[in-house]
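Structure record follows, encoded as structure tokens.
The values are calculated or read from the model by the stated rules, or taken from the named source; none is laboratory data. Keep in mind that this is a model prediction, so the values were computed, not measured. Counting neighbours? That spans all protein chains shown, and the Cβs are built from the backbone with ideal geometry, glycine included. The accessibility values were calculated without ligands, DNA or RNA, using every heavy atom of the protein model including side chains. Shrake-Rupley method; radii C 1.70, N 1.55, O 1.52, S 1.80 Å.
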Amino acid sequence: MESLTKPNHPETSVIMTTFRSPKYLFQVLWGFANQTYRDFEIVVGEDGQTDETREVIDVFRNKSNLPIQYVTQEHEGFGKTRILNRAIDSAHGDYLIFTDGDCVPHATFVETHLQSATHGRFLSGGCFRLDRDVTDQILDQKLELDQFTNMRWLKNHGHRVSSKWLWVVRHPAIARFLDVATTTRPTFNGHNSSAWKDDIVYANGFNLEMRYGGLDRELGERLENAGVLGMQIRHRAICYHLEHERGYVTKEDWQRNHNIRKLVRRRGLTRAEQGLEQIRTSAA
């Protein structure tokens, strides 16, 4: 992979959200503190400010020289789309990489996104889901970052890893071929995607009418309607998803989101009626 130098890369912001999960956030931030490329800022958005989260961010600031913003709002029910838009508005970068506060990045995560950044495209990265047992060991700090973000180490220690991922580890050059050859459609995934900020602003950010379940993909569908097409990097840009409960998932929210996405596709909508602009207006 070519090295990135200041003149030929965009100013970059990594955006993530968290909700009362400081142990998860600590592992994610530690992953970003150990990136091969380090010229970026981090924006952490929390729906409802907690002392525990602030303490984790303060520890991170002391251990890393990466700039970090902490953006909060009052917790008033499901607030992920609101806090995401606040984080986008606060971001200084003209290129935005999106992830979650429970997804630990591989060491080359940021570098890979920036190497593949292309105008007129958004990038769709990959996710390797860790099981509950491994997650608990990570949260208890019994496993090192370079252990649980290594497919071969996971396999050698009895964890399920598909032969595809082991093949990519042994032959890194094949990852690009797999990204081109895969029949899986590139989608905008909140745990691992990136786009130019101008494109996100044009789409009016995340749709405030969406609840949990596809809120990120809906943004990607509006981007595609505007001519910003997805590009697959799922075998090159990898994050490791820590397991957690999902008690907030409801059938009603899934159906609501399904109907909104169906309307976006049918009408070719490019902007959310309620989104980033409305967040800015309410804050004025």
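For the cross-link pairs Lys23/Lys155; Lys63/Lys142; Lys63/Lys197; Lys164/Lys197, the ones whose C-alpha atoms lie over 22 Å apart are Lys23/Lys155; Lys63/Lys197; Lys164/Lys197.
Using a cutoff of 8 angstrom between alpha carbon atoms and counting only pairs six or more residues apart, the relative contact order for the chain works out to 24 percent.
Comparing mean-square fluctuations of Arg160, Arg121, Arg261 from a GNM of the chain with C-alpha springs under 10 Å, the top value falls on Arg160.
Once the 1.4 Å probe is applied to the protein heavy atoms, the chain comes out at 48 Å² accessible per residue. Looking at the chain, send over the antiparallel percent of its DSSP beta bridges, to the nearest 5. About 25 percent, rounded to the nearest 5. Stretching the chain fully between Val169 and Thr72 yields a gain of 31.1 nm (0.36 nm per residue, less the alpha carbon separation). Here the chain exposes an accessible surface that is 48 percent carbon and sulfur, computed with a 1.4 Å probe and the other protein chains kept in place. Cross-link partners of Lys251 among lysines, defined as those whose alpha carbon lies under 25 angstrom from its own and excluding same-chain residues fewer than eight positions apart: Lys80, Lys262.
Residue ranges 42-52, 21-31, 232-242 sort as 232-242, 21-31, 42-52 when ordered by packing (mean number of other C-beta atoms within 10 Å per residue, highest first). Going 7 Å from the Cα of Asn259 in the Cα-to-Cβ direction, what parts of segment 200-239 have a backbone nitrogen less than 18 Å from that spot? Residues 207-215, 218 fall inside that zone. Cysteine residues of the chain whose Cβ has no partner cysteine Cβ closer than 4.7 Å: Cys127. Among the listed values [x] 60, 41, 39; [y] 72, 42, 37; [z] 49, 45, 45, the one computed from these coordinates for Cα extents along the principal axes in Å is [z].
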